[in-house]
Amino acid sequence: MMENRNNRKIGVAILYVGFALLFFILFSRVFYIQATGTADGHKLKNEALEKYMRTDVLEASRGTIYDTNGEVIAEDTTSFTMAAILDDSVTTNPESPNHVVDPEKTAKVLAKYIDMDEEDILARLKKEGAFQVEFGTAGRGLTNSVKRKIEAEKLPGITFTRQAKRFYPNGKFASHLIGFTQQIEQEDKNGNVAFETKGQMGIEKSYEKYLQGKNGKIRYTSDLWGYLLPEKQEMVTEPQNGDDMYLTIDSKIQTFMEDALSEVEAQYNPSKAFAIVAEAKTGKILAMSQRPTFHPGTREGLDVNWMNDLVEYSYEPGSTMKIFTLAAAIEEGTFEADALYKSGRYKVKGGGSIGDHNSGAGWGNITYKEGIQRSSNVAIANMLEQMSPGVFRQYLEDFHFGRKTGIELPNEAAGSILYNYPLEQVTTAFGQGSTVNAMQMLQAATAIANGGKMMKPYIIDKIVDDTTGKTIVDTKPKVVGEPISKETAAETLDILETVVTAEHGTGKPYHIEGYDVAGKTGTAQLVGEDGRYLTGSNNYLFSFMGMAPKEDPELIVYVAVAQPQLDGESGSVPVSKIFNPVMRNSLQYLNIKPDKTIISQTVTLKDFTGKKTSEARKAYEDAGMDPVVIGTGSKIKKQVPAAGEKLLQGEKAILLTSEKWTMPNMKGWAMRDVMKVAESMGLKVSYSGSGYVVSQNIEPNKAVKEGQKLIIKLQEPGSAEEANQKANEDSDQSR
C-alpha cells in the first residue's frame, strides 16, 4: 500500500516536471518570436503582410486609332467581367448576403442578359468547393448598360470587375486594314489567370509595339476577403498608355466606298471586290476596303476571308496594264496615235497568236489611238514590237512591278513578271500571265497622274506619344521613281481620257458629269484551283483605274470586282457602281471644282406652260439644249424638268404639247432622259440592264396614252464585246 502511494508521488512529480519543462519551452519560444519577430529563419511580419497584401493590375489603355481628320476609328472603352461568389464565409450579415443564396433564381435571371444557357449557368453556380466562379467569354466584355440591368435585379453574390474593351464605332469599316484585338488568356507563375489585349491582324497587329501600353499595378493591404482595409497605404505604379495613331484614311471618303461596295455586294454577290482611293500627288491612301469583309468588334464574317486583298492578293490585272505599256511606248517615241494598223489577230514570233476581244475579228485598219480606246490586244502587241520587248522589260522594273511597295501592312505580295518567251512578253504587255497586287497598280498609276513622279503609297500619317503629345513617327510623301517624263504623263492622260469620252471607248460607263476622267478598263480571266483559266461570262476580274480631274489629277480610284453574278449585263456595270459614286462624291467632298466650261453651260429653265410650242422650242434651242417635243399641239401643256430647275447645255428637255402624243425614238438615250418622258406623259416604266437604251416596246412615232406601260432594255457600251472573250487560239484574252 505504502509502495503504491510512493509510486504515484513519483509519477505526479515526473508529470509536473514534464509540464513545467514543456511550458518553459513554449514560453521561451513565444518570448523569442516576440523579441526577434522570426521563426525558423522567416520574418513573420513580412509573411503576415504578404498573406494580406494584394496586387492588382492597373490596365493600360491601348492607343486610339484616328482617321486623318481626328475621327475615332478604334478606341478603348470600359467593359465589365461578371463573377459569382459562392463561399458563404464572405457573408457577415445573413439579412444582407454577399454570396449566391439561390442558384436556381440567379441562373434564370442571368440567362436573360448573357449568352449562356440557364443550365450551364446553374452548373457553374453549384460548383463544389469554389470560392467564386466566372462565366467565360459570355461574362466578359459586358457593357455598362448590361451591368446596370443585372445590378438592378439585386442578385446576392454577383460582382463585376472593370476592364478595357476595344471599340470600333464604325462597324464594318476598313476592317481588313484596321484589324482587331483579342483578349489572350495568360497564366503567371503562381497560377493566376490574367487577360492581355493583343492585336490579331491589320494595323492592330503590325503596330502592336506602339498601340499596346504597359500595365501598372497597385499593392494594398486587405482583409480576409480581399477588401481594402481602412487607413492602409496603397502602393501604385501608374500604367503607361499606348501611343495614338493617325491614319491617312478619310472617314467620309471611306464611307462613300463602304456604301458602294455594300450595294454591289448585295446586288451582284461577287466572289471578291476591292477598291482604293489615293491622293495622286502624295500616295496617301484616303480609303481602302473589300468584300467580303467582317465586323472587327464581333469578328462576324472573318471566317470567309482573313486576307487583306488589297495587299496580299496577287492577280492578273487585265487591260489596266495597258496604261503602262502605252506610257512606255510614248516615252520611247514609238507611239503614233494616228498611225494605222490592222486589228484582229497578231502572230507572235516563236509561235502562237493573240487576238482582239471581239472574237479576233477586229475592226479593220484603225489608228493606234482608237486601238487603245477599244482596248485592242493587237495594238499593244504591235506597240511592244516597235519599242522591243527588252525595252519594255526595263519599264516594268521602273514601274516597280514584281516587287513590294513596302506599304506599312503585313504580308504584302510581290507579284511576278512572266517574261521568258515571246508569247509571255506580249500577254504581259496587255495584262495577262504576270501578276500584281493592287498597291503596285496604284503606285505605278501615280507616275501617270503626277507628272512622271511615282509616289510610294502609305497609310500611316503620324504616331503621337500619349503622355507627351509629341509626334514620334511622321510619314512624308516619298518619290520612289520617275519612270516617265512629265510630257509623257500628260500625253498618256490625254489618250486615256478618250477611253472614257470616245464613241467606242470601253470606259464610257465611267463618265462623271462635270469632271474629265482619264482611265482604263480591265477584264482578266481568273485562274481556277487546277491552274487553268475559268470559263463562262462571269469568271473574270472586271476593273477600272481612273484619275480625275484629267488636266491635273487629284485622285486615283482603282476598283476591281471578281465573278459578279451578271444578268445579261456588262462586267463594267458593277465596277462603275463603285467607281462613279466614290470618285464623284470624293471630288465634291474635297471641294475640287468641276470643269469651268461645264459650269458656264448650266441653264435655268423658264416657265413655258401655256406658251406657243414654236416659241418654247426656239428658246430651248437658243439656250443650247436639246428639246424633245411630244405631240402636235400648238401650246405647251407640261415641261420636264420643271421651270426653275437647271440643265446642262446639250441635255434633253421634254416639251409636252396639248394633243396627239407620239413616242420618240429613244435608242441611245440615258435612263434619266427616259424618265423625263415617262414623267411628262405619266407612263409606267420597267427596264432591264443598265447603260443606254437599245430597245423600247412602244415603237417610235406610235400614239401614246397616259398610264401606258413602257418597257426599256438598256446595255452598256462594249458589253457585246465582253460577251466574246474567247478570241485567242493559244492564250485566253484579257481586256
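The values are calculated or read from the model by the stated rules, or taken from the named source; none is laboratory data. Just so you know, these numbers come straight off a predicted model, no measurement behind them. Neighbour counts run over all protein chains shown; Cβ positions are idealised from the backbone, glycine included. Heavy atoms of the whole protein, side chains included, go into the accessibility calculation; ligands, DNA and RNA do not. Shrake-Rupley method; radii C 1.70, N 1.55, O 1.52, S 1.80 Å.
Points to keep in mind about this one:
- Any hit, region 335-347, residues being assigned to a helix (DSSP H, G or I), surrounded by fewer than 18 Cβ atoms within 10 Å (Cβ to Cβ) and on the phi < 0 side of the Ramachandran plot: no
- For region 171-186, the candidate set comprises residues that are assigned to a strand (DSSP E or B) and β-branched (Val, Ile, Thr); within that set, the residue that is nearest to Thr68 (Cα to Cα) is Thr181.
- Complete set of residues in region 277-308 that are part of a strand (DSSP E or B) and open to solvent by less than 30 Å² (accessible area, probe 1.4 Å): Val277, Ala278, Ile285, Leu286, Ala287, Met288, Ser289, Gln290, Arg291
- In region 499-551, the residues that are among the charged types (D, E, K, R) and in contact with a Lys or Arg (Cβ under 9 Å, 6 or more places away or on another chain): Glu513, Asp516, Lys520
- Within region 121-173, considering residues that are over 16 Å from Asp102 (Cα atoms) and free of Cβ contacts under 8 Å to residues at least 24 places away in the same chain, the one nearest to the chain's Cα centre (by Cα): Thr137
- Selection within region 348-370 - in a helix (DSSP H, G or I) and free of Cβ contacts under 8 Å to residues at least 60 places away in the same chain: Tyr368
- Filter result (within 14 Å of Ala123 (Cα to Cα) and loosely packed, with under 14 Cβ neighbours inside 10 Å) within region 78-90: none
- Complete set of residues in region 643-686 that are of a type in the set (A, V, I, L, M), at pLDDT 80 or above, surrounded by 17 or more Cβ atoms within 10 Å (Cβ to Cβ) and not in a helix (DSSP H, G or I): Ala653, Ile654, Leu655, Leu656, Met663, Met666, Leu683
- Some residue of region 371-378 being free of Cβ contacts under 8 Å to residues at least 24 places away in the same chain and of a type outside the set (Lys, Arg): no
- Verdict on Thr523 being buried (at least 19 other Cβ atoms within 10 Å of the Cβ), polar (S, T, N, Q) and touching a His at 6+ places or on another chain (Cβ under 9 Å): yes
- Gly406 being crowded, with 24+ Cβ neighbours inside 10 Å and part of a loop (DSSP other than H, G, I, E, B): no
- Only helices (runs of 4 or more DSSP H) whose full extent lies in region 61-170 are considered here, and the ones with at least 3 residues that are at pLDDT below 90 are 144-152.
- Selection within region 239-275: residues that are polar (S, T, N, Q) and part of a loop (DSSP other than H, G, I, E, B). The member of this set that is least open to solvent (accessible area, probe 1.4 Å) is Thr248.
- Scanning region 368-386 for residues that are of a type outside the set (Asp, Glu), open to solvent by 10 Å² or more (accessible area, probe 1.4 Å) and more than 35 Å from the chain's Cα centre (by Cα) turns up Tyr368, Lys369, Asn382, Gln386.
- Count of residues meeting criterion [more than 15 Å from Leu155 (Cα to Cα) and open to solvent by less than 60 Å² (accessible area, probe 1.4 Å)] in region 91-132: 2
Okay, residues lined up against (1) open to solvent by 10 Å² or more (accessible area, probe 1.4 Å); (2) at pLDDT below 95; (3) not in a loop (DSSP other than H, G, I, E, B):
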| position | (1), (2), (3) |
| --- | --- |
| Ala444 | no, no, yes |
| Gly451 | yes, no, no |
| Lys462 | yes, no, yes |
| Lys476 | yes, no, no |
| Glu487 | yes, no, yes |
| Val499 | no, no, yes |
| Gly531 | yes, yes, no |
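- Test: residue in region 143-152 that is crowded, with 16+ Cβ neighbours inside 10 Å and of a type outside the set (Val, Ile, Thr): yes
- Test: Val628 is part of a strand (DSSP E or B), touching a residue at least 40 places away in the same chain (Cβ under 8 Å) and β-branched (Val, Ile, Thr): yes
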